[in-house]
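A quick write-up on the structure given underneath.
The values are calculated or read from the model by the stated rules, or taken from the named source; none is laboratory data. The model shown is predicted, which means the values in this text are computed figures rather than measured ones. Ideal geometry is used to build each Cβ from the backbone, glycine not excepted, and the neighbour counts take in all protein chains shown. Accessible surface is based on the protein model in full, side chains and every heavy atom, while ligands, DNA and RNA are left aside. Shrake-Rupley method; radii C 1.70, N 1.55, O 1.52, S 1.80 Å.
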Amino acid sequence: MAQDDVKSIDQLNEEADIAADYLEGLLDIADYEGDIEMGVRNDRPTVQIVADDDTDIKHLIGRNGEVVDALQQLTRLAVQQKTGERSHLIVDVDGFLKRKRQHLRDIALDAIDAVKDSGEPYDLKPMNSFERKVVHDVVREEGLKSRSHGEEPHRYVTVYLKNRVEDTAEDDELDQE
């Protein structure tokens, strides 16, 4: 499927079903109790693991969300193996991504304030693609510009004012993950 092709709601639901089955299997292997909630949000299949036991949930989130990220990558591979197509599935554990989005939004707003106060570009710490996407979206909503630089895993976002002279040359390189 070409990158510009839009998947139907049935295809997105199928990906969510495959992901839910895969994650249920992993939960069984790990002997964790958890409910799986599925849906489609922003044209992406989403699967959330919810459990009553905070201890198990903390293990599934990991330090700084490392386990959630790994679960998402493995689940995307499982979906791709079944469908033959790359998936942009989102896996969340107990609302971790919502909390992380809010934290990233706060970081982006602080950077925006720093840029507005100083007029100078502001570099953020290295982030993964999900984190960079959240920051780019917030910066755009607030009327400023942002661009990603560097190579993984050290890729980072720079926030700057829209009216810099270099903007016209750099707009083509704007990284909207």
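In the chain, with Lys and Arg counted as +1 and Asp and Glu as -1 at Cβ, which of these residues, 45, 80, 112, has the Cα nearest the positive end of the dipole, that is, farthest along it?
Projecting each Cα onto the dipole axis, the largest value belongs to 112.
In Å and from the alpha-carbon atoms only, list the Rg and Dmax of region 97-158.
Cα only, region 97-158: 10.9, 31 Å (Rg, Dmax).
Under a straight-distance cross-link criterion of Cα-Cα below 28 Å, which lysines are reachable from residue 162, leaving out those fewer than 8 residues away in the same chain?
The reachable lysines, counting only those whose Cα sits under 28 Å from residue 162, are 100, 116, 125, 133, 145.
May I ask you to give the solvent-accessible area per residue for the chain, in square angstrom, as obtained with a 1.4 angstrom probe?
61 Å²
In debye, nearest 20: dipole of the chain around its Cα centre with unit charges on the Cβ of K, R (+) and D, E (-)?
Here the chain has a charge dipole of around 520 debye.
So for region 7-93: antiparallel DSSP bridges make up what percent, rounded to the nearest 5?
Here the share of antiparallel DSSP bridges comes out near 65 percent.
Roughly how many debye, to the nearest 20, is the charge dipole of region 97-158 about its Cα centre, given +1 on each Lys and Arg Cβ, -1 on each Asp and Glu Cβ, and no other charges?
360 debye
Return the long-range amide H neighbours of residue 40 (sequence gap of 5 or more, or a different chain), with a cut-off of under 5 Å between placed amide H atoms.
Sorted by chain and number, the residues that satisfy this are 46.
Please identify the DSSP H helices in the chain that span no less than 15 Å along the helix axis (Cα) and have a mean Kyte-Doolittle hydropathy of -0.5 or more.
The qualifying helices are 9-30, 66-83.
Within region 119-161, what residues put their amide N at less than 15 Å from the label point 7 Å along the Cα-to-Cβ vector of residue 73?
127-131, 152-155
Where does each of 100-106, 113-119 land if you order them by average Cβ count within 10 Å, highest first?
100-106, 113-119
Which residue fluctuates the most in the chain, going by a Gaussian network model with Cα springs under 10 Å, if the choices are 52, 94, 17?
Residue with maximal mean-square fluctuation among 52, 94, 17: 52.
Mind listing P(r) for the chain? All alpha-carbon pairs, 5 Å bins, whole percents.
1, 8, 15, 17, 16, 14, 12, 9, 5, 2, 1, 0
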